[in-house]
Structures are given as C-alpha cells and as structure tokens.
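Peer 1: Have a look at this one before I ask anything.
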Amino acid sequence: MTNQSPSFDESPLMREITELAQRRKAVAQAEFPRPSKTRVFTVANQKGGVGKTTTTVNLAAALAKTGAKVLVIDLDPQGNASTAVGADHRAEVPSVYDILIRDVEMQDVVQKSPEFEGLYCAPATIHLAGAEIELVPLVARELRLRENLDRYLEYAATTEEQPYDYVFIDCPPSLGLLTINAFVAAREVLIPIQCEYYALEGLSQLLSNIGLIAKHLNPRLAVSTILLTMYDGRTRLAAQVAEDVRNHFPDETLTAVIPRSVRISEAPSYGQTVISYDPQSTGSLSYLEAASEIARKGAQVHG
Ligand code: ATP
Ligand code: MG
C-alpha cells in the first residue's frame, strides 16, 4: 500500500494546535512596558460594526490584565462598551453625558470595572443620545471632553496610587460633535478595519477629517495604530484586504490580526470582555498580542 495519509504530526489540526501553543507561550513571555505618560487613544471609524467597541474593551482589558491602569470612555449612546466592561449604565447613573453637558467632574462618573484590577470606565447612558444636539450652543463645545479628561488625569496622578497608563475612547459610527470631542481629547487614533470588501472605502474621508481636526483643533493628533479585525483566514478576500491595508499603512498596521470568532462576539452578553470570558481562546490571545505590540511601540516612541 502506497496510499499513505499524512502522519498525525503533520495534519492541519496538529499544526494549528502547535502554532497556538507557541503563540500562547510567546504572549505569556511578552513585554507590556508601561508608557512614561498617559497615552490617550480614540478608536474611530465612521463605518458601523467594524469592531470599534470590541477592540476598545478588549485592548483595554488586555492592558489592564498585564498591569496597566486603563480608562475606557464610552462616547457611544448605545453604551456597548459600558456593558462589555460590566459598568452600570442605567439612565440614572452619572455618565459621560453629565461630563459633557453638565460639567460634572470625571472622578464623580468613573466606575471600577469588575473585570480586572486597574480597569475603569466612564459609562454612556441613554441621555448621551441627546448630547449631540445639546452640545451645539455650549461654549467650547469641541473641547469639553478634553478639558474634563485633562483635569481628571491630573487628579488621578496626584491623588491615586498609580496614574493612568492608557485611555481608550469608544466612538459612535459618525462624525458628529461626540466624535470630534474624542479626537480633540486624544493624541492617537486607532482605526479598526474589518477585513471585508468595502474596508478601505470611506477611509480617505476619515483620514481627511482627522487632518482637519489636527489642523484646527488638535495639532498633536495622529493615526498611530491600525488593527485588522474579523479576519477570516479561509478566504482570499481577507488576505487581500489585509495586504492592501499593510501596503497603505506599513508603519501603523499591527502585525497581530483579530480573527472572526464566536467567543469574541458572545462575551458582551455576559457583561465581559473575551479576555476574562475565555482567556484561552484565540480571540483573547490575539487581543493580547495586539496590546503587547501597542505597548512596545509606545515605549519606543514615548519612552
Ligand atoms: P458600531 O459602529 O455600531 O459602534 P462597532 O464598530 O463598535 O459598531 P462592534 O460592536 O465592536 O463594532 O462589533 C460589531 C458586531 O460584530 C458585534 O456584534 C460584535 O460582537 C461582533 N464582532 C466584533 N469583532 C468580532 C470578531 N473578531 N469576531 C466575531 N464577531 C465580532
Ligand atoms: Mg461601537
């Protein structure tokens, strides 16, 4: 008989298991250097459903799990980021709405997430839906989040044991005053890109909007990070999109890629991130890999 099947060691299943084991080992040994000063990210893409919220909460959780102090600011009235980190965001709870519209200080709004030591959240409530319009007549309407956040970071640095290492602001899928407030408050923009056919469509508009904000309102703003999400390794299309993005943004695009994974999408219904919901899953592993890259890149730039 010459018709031999490949030995078990060479089977695709075995290869995948071996590769996963290697990645787990690498992440367990990976460095997550803390930045010398707080890094503030806005997670933005005006396309809906590309993984902004999922990326915000899982990167935040991955960094908190590995020793950083991290704040998630939920700027989307849907409140999905608040849900995912287990923050109370019922209508009566002090929220980002009160920060933007009523000048409530952030320390009176921020909650400690039950997910990890070091993870905090300024939640969004349903009231935030009205903020887009209520902001219009207010003084310095584009600067309200930045001024409040700067005061809070200073307060935390002087009164709490550890200053914040990272802030991630989750944006709604539109470019209104809420998203503009996020761009003005941040220094870095993180763009999640879904590996699908129309992925790059709308990106030039997003980049030109970011350019306008940098010019008029926040000269420090730059796109520092691009993360490929919902990657389906079985399709040529995903590989093609990933290659296109890497060609356009060789320095910004992270090597780590987030796979399409059921565990990632079911974690929020348990009020959890995938990092705590299923720490052994490939989704969790991928977000930890991305977080380590972000931390190491930051140490080069800022350290
Ligand atoms: P919106 O524009 O509405 O704010 P978004 O950009 O924040 O959306 P998410 O809410 O993070 O996108 O993700 C959209 C949907 O896709 C959610 O149901 C989420 O659970 C799911 N999802 C996100 N990332 C993945 C993934 N890697 N694998 C599988 N499902 C995912
Ligand atoms: Mg979202």
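Peer 1: Does segment 116-138 hold any residues that are among the charged types (D, E, K, R) and in contact with a strand residue (DSSP E or B) (Cβ under 9 Å, 6 or more places away or on another chain), and which are they?
Peer 2: none
Peer 1: Turning to a different aspect of this structure: Could you tell me which residue of segment 28-50 is nearest to ligand 1 (Cβ to nearest atom), considering only residues that are closer than 21 Å to A185 by Cα and small (G, A, S)?
Peer 2: Checked segment 28-50; the qualifying residue nearest to ligand 1 (Cβ to nearest atom) is A44.
Peer 1: Considering only residues of segment 60-79 that are aliphatic (A, V, I, L, M) and in a loop (DSSP other than H, G, I, E, B), which is farthest from ligand 1 (Cβ to nearest atom)?
Peer 2: A68
Peer 1: Using the structure shown, decide if I193 is more than 16 Å from the chain's Cα centre (by Cα), at pLDDT 95 or above, of a type outside the set (S, T, N, Q) and more than 14 Å from ligand 2 (Cβ to nearest atom). Quick ask: steps written out before the conclusion?
Peer 2: On the way: more than 16 Å from the chain's Cα centre (by Cα): no; at pLDDT 95 or above: yes; of a type outside the set (S, T, N, Q): yes; more than 14 Å from ligand 2 (Cβ to nearest atom): yes.
For I193, the condition - more than 16 Å from the chain's Cα centre (by Cα), at pLDDT 95 or above, of a type outside the set (S, T, N, Q) and more than 14 Å from ligand 2 (Cβ to nearest atom) - is not met.
Peer 1: With respect to T42, determine if the residue is in contact with an Asp or Glu (Cβ under 6 Å, 6 or more places away or on another chain) and either of a type outside the set (A, V, I, L, M, F, W, C) or not in a loop (DSSP other than H, G, I, E, B) (or both).
Peer 2: Values: in contact with an Asp or Glu (Cβ under 6 Å, 6 or more places away or on another chain): no; either of a type outside the set (A, V, I, L, M, F, W, C) or not in a loop (DSSP other than H, G, I, E, B) (or both): yes.
Judged against the criteria, T42 is not a match.
Yes/no matrix, rows are residues, columns are (1) modelled with pLDDT under 95; (2) closer than 24 Å to G202 by Cα; (3) more than 11 Å from ligand 2 (Cβ to nearest atom); (4) surrounded by 24 or more Cβ atoms within 10 Å (Cβ to Cβ):
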residue: T38; (1), (2), (3), (4): no, no, yes, no
residue: V43; (1), (2), (3), (4): no, yes, no, yes
residue: G48; (1), (2), (3), (4): yes, yes, no, no
residue: K52; (1), (2), (3), (4): no, yes, no, yes
residue: A61; (1), (2), (3), (4): no, no, yes, yes
residue: T66; (1), (2), (3), (4): no, no, yes, no
residue: A81; (1), (2), (3), (4): no, yes, no, yes
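Peer 1: So K297 clears everything in (1) free of Cβ contacts under 8 Å to residues at least 60 places away in the same chain; (2) closer than 19 Å to I191 by Cβ; (3) basic (K, R) except one condition, right? Which one?
Peer 2: Unmet condition: (1).
Peer 1: Among K47, K69, K25, K65, which is touching a strand residue (DSSP E or B) at 6+ places or on another chain (Cβ under 9 Å) and farther than 20 Å from A299 by Cβ?
Peer 2: Just a single option satisfies the conditions, and that option is K47.
Peer 1: Still on this structure, please answer the following. For a quick check of your reading of the model, give me the residue pairs whose first member lies in segment 240-254 and is part of a strand (DSSP E or B), whose second is modelled with pLDDT of 95 or more and of a type in the set (D, E), with beta-carbon atoms closer than 7 Å and at least 6 apart or on different chains.
Peer 2: Qualifying pairs under 7 Å: L254/E293.
Peer 1: Would you confirm, using the coordinates I've provided, whether V57 is over 20 Å from P279 (Cα atoms), near ligand 1 (Cβ under 9 Å from one of its atoms), of a type outside the set (G, A, S) and modelled with pLDDT of 95 or more?
Peer 2: no
Peer 1: So K297 ticks every box in (1) over 16 Å from A81 (Cα atoms); (2) crowded, with 21+ Cβ neighbours inside 10 Å but one. Which box is left unticked?
Peer 2: So the condition that K297 fails would be (2).
The values are calculated or read from the model by the stated rules, or taken from the named source; none is laboratory data. Note that the structure is a prediction, hence the values are computed from the model and not measured. With ideal geometry, Cβ positions are generated from the backbone for all residues, glycine too; neighbour counts draw on all protein chains shown.
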